[in-house]
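Novice: Structure in structure tokens, see below.
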Ligand SMILES: Cc1ncc(COP(=O)(O)O)c(C=O)c1O
């Protein structure tokens, strides 16, 4: 006899994390593999952050500050907001899940794009609600007009992923603002800016300034990407105090751990070092894009730390698919099929040598000569 579990589980899609390096090494009998599958930073945490984490070990017999006062105050200052406009999560992923819990009931609806971040489709089944998944526009970006048009009186939450994962397309702040103007002021909107640090457009950051004023907006960001702290799990939201309070009521008391709080606080103190690292990623993103163009591979121009590209354009070598051939060569990228983008691959922009390994393996997998590329000096 099996244990009786919630009927909601039957409707719940499985979140599939990327393959780990250990899994690929074992499956293909390899000694080395490069992992470009989970949009992680190629850089370890800053040395000052590592020191703070080491120092924090001695205090782990104590619970963390449940209100994370120091980190919330620092984030509030950084974004010109008040501490009651800042909420922390065990990764921004948790904040998104908590927003579902805080806003959805049976009979209500959540609007999100499709394909978009793989956690969004969990919200409706987890909360007994329905999802309205709005297809992307022709350019692989969010169709914000269609998302706004999908809103009716049953909708309680709209999720806007900008730039969108897995496509990397960025929507201008004006366009996001138009969606905010088009929906009722009492409808919760989350703008998920997990990849904000990699956007090099002049209007990046404008939606965050709207979050300080709008009564229904929460902008989420994360320390997982540019700060290189995904292993510690810390993300945050800035926005309407009513949404911050709603999340605070449904979260578990100590949702961000002591080391995560300390590490994030320290990481915020080194904007220059972080900007240097981001510049390397952007230079590498441009190099990858140039090389893919030289290979005649279709890809979506990205404002994030990953690129979505065609798996098998034109003249491939016969045999197993390009994704499998990359794995066999020790290059782990994400098969688009698991992200709602069959026939494509999502490659994270990694360290220069890892990106070069990807380009060499990708060219080989397709049976075409490797394009010459030069590692660029970051601007
Ligand atoms: C669009 C988007 N939002 C949120 C997250 C969650 O990040 P974390 O929970 O590590 O902050 C990710 C992670 O890849 C993401 O791609």
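Values quoted throughout were computed directly from the atomic coordinates according to the rules given, and no laboratory measurement underlies them. The model shown is predicted, which means the values in this text are computed figures rather than measured ones. Here the Cβ is made from the backbone with ideal geometry for all residues, glycine too, and neighbour counts use every protein chain on show.
Novice: At 37 °C and 0.692 mPa s, what whole-number value in µm²/s does Stokes-Einstein give for the translational diffusion of the range 235-362, with Rh from the Kirkwood sum over Cα pairs?
Specialist: On the way: Rh = 17.6 Å.
The estimated diffusion coefficient comes to 187 µm²/s.
Novice: How far, in degrees from 0 to 90, does helix 241-250 lean away from the longest principal axis of the Cα atoms of the chain, to the nearest 10?
Specialist: Approximately 80 degrees, to the nearest ten.
Novice: Oh, and also: Once the Cβ-Cβ distance between residue 28 and residue 174 is put in as r, and R0 is 35 Å, what FRET efficiency do you end up with, to the nearest 0.05?
Specialist: According to the calculation, E is roughly 0.15.
Novice: Enter the angle in degrees (range 0 to 90, nearest 10) between the Cα long axis of helix 47-56 and the first principal axis of the Cα atoms of the chain, meaning the one along which they spread out most.
Specialist: Helix 47-56 and the main axis of the chain meet at about 50 degrees.
Novice: If I stretch the segment between residue 6 and residue 337 completely, what's the gain in nm (0.36 nm per residue apart, minus their alpha carbon distance), one decimal?
Specialist: Taking 0.36 nm per residue and subtracting the Cα distance, the gain is 116.4 nm.
Novice: Obtain the nm distance between the two label points defined at residue 146 and residue 200 by a simple spin-label model: each point lies 7 Å from its Cα along the Cα-to-C-beta direction.
Specialist: Between residue 146 and residue 200, the label points sit 3.0 nm apart.
Novice: At 0.36 nm per residue, minus the direct Cα-Cα distance, what do residue 182 and residue 77 gain on full extension? Give it in nm, one decimal, please. Don't jump to the answer; show the numbers that get you there.
Specialist: Values: separation 105, 0.36 × 105 = 37.80 nm, distance 2.98 nm.
Extra length from residue 182 to residue 77 when fully extended: 34.8 nm.
Novice: How far apart, in nm, are the 7 Å Cα→Cβ label points at residue 63 and residue 294?
Specialist: 5.7 nm
Novice: Same structure, new question: For residue 55 and residue 114, calculate 0.36 nm times their separation in residues minus their Cα-Cα distance, and state this gained length in nm to one decimal.
Specialist: Working it through step by step, the gained length comes to 16.9 nm.
Novice: So what are the chain's ellipsoid semi-axes, whole angstrom, largest first, if each one is the square root of 5 times an eigenvalue of the alpha-carbon gyration tensor?
Specialist: Details: eigenvalues 217, 129, 92 Å².
For the chain, the ellipsoid semi-axes come out as 33, 25, 21 Å.
Novice: For the chain, what is the percent of antiparallel DSSP beta bridges, rounded to the nearest 5?
Specialist: Of all bridge pairs located within the chain, approximately 45 percent are antiparallel.
Novice: OK, next. I'd like the per residue volume of the convex hull spanned by the Cα atoms of the range 1-102, given in cubic angstrom.
Specialist: On the way: hull volume 25.5 nm³, N = 102.
Each residue corresponds to 250 Å³ of Cα convex hull volume.
Novice: Round to the nearest 0.05 the FRET efficiency obtained for residue 209 and residue 276 when R0 = 25 Å and r is the Cβ-Cβ distance. Don't skip to the end; give the middle numbers.
Specialist: On the way: r = 25 Å, r/R0 = 1.01.
The value I calculate is 0.50.
Novice: Gaussian network model of the chain, Cα springs within a sub-10 Å range: biggest mean-square fluctuation belongs to which of 310, 138, 245?
Specialist: 138
Novice: Right, next: Using Cα pairs closer than 8 Å and at least 6 residues apart in sequence, work out the relative contact order for the chain, in percent.
Specialist: Value for the chain: 22 percent.
Novice: Once each part is reduced to its C-alpha centroid, what is the distance from the range 24-93 to the range 172-209 in angstrom?
Specialist: 24 Å
Novice: So, one more: When every alpha-carbon pair in the range 121-273 is counted, what percent end up more than 17 Å apart?
Specialist: Of the Cα pairs, 67 percent sit more than 17 Å apart.
Novice: Oh, and also: Select from 14, 334, 154 the residue whose mean-square fluctuation is largest in a Gaussian network model of the chain (Cα-Cα springs shorter than 10 Å).
Specialist: 14
Novice: Grab the DSSP H runs of the chain that are 4 residues or longer, score each as -39,500 (n - 2.57), total them, divide by all residues and round the 222 nm result to the nearest 500 deg cm²/dmol.
Specialist: On the way: 14 runs with 140 residues, N = 379.
So the calculated ellipticity at 222 nm is -11000 deg cm²/dmol.
Novice: Let me have the relative contact order for the range 221-379, percent, based on Cα pairs under 8 Å that are six or more residues apart.
Specialist: It rounds to 22 percent for the range 221-379.
Novice: Pick from 240, 81, 70 the residue whose mean-square fluctuation is largest in a GNM of the chain, springs joining Cα atoms under 10 Å.
Specialist: 70
Novice: For the Cα atoms of the chain, what angle does the longest principal axis make with the long axis of helix 69-78, in degrees from 0 to 90, nearest 10?
Specialist: 70 degrees
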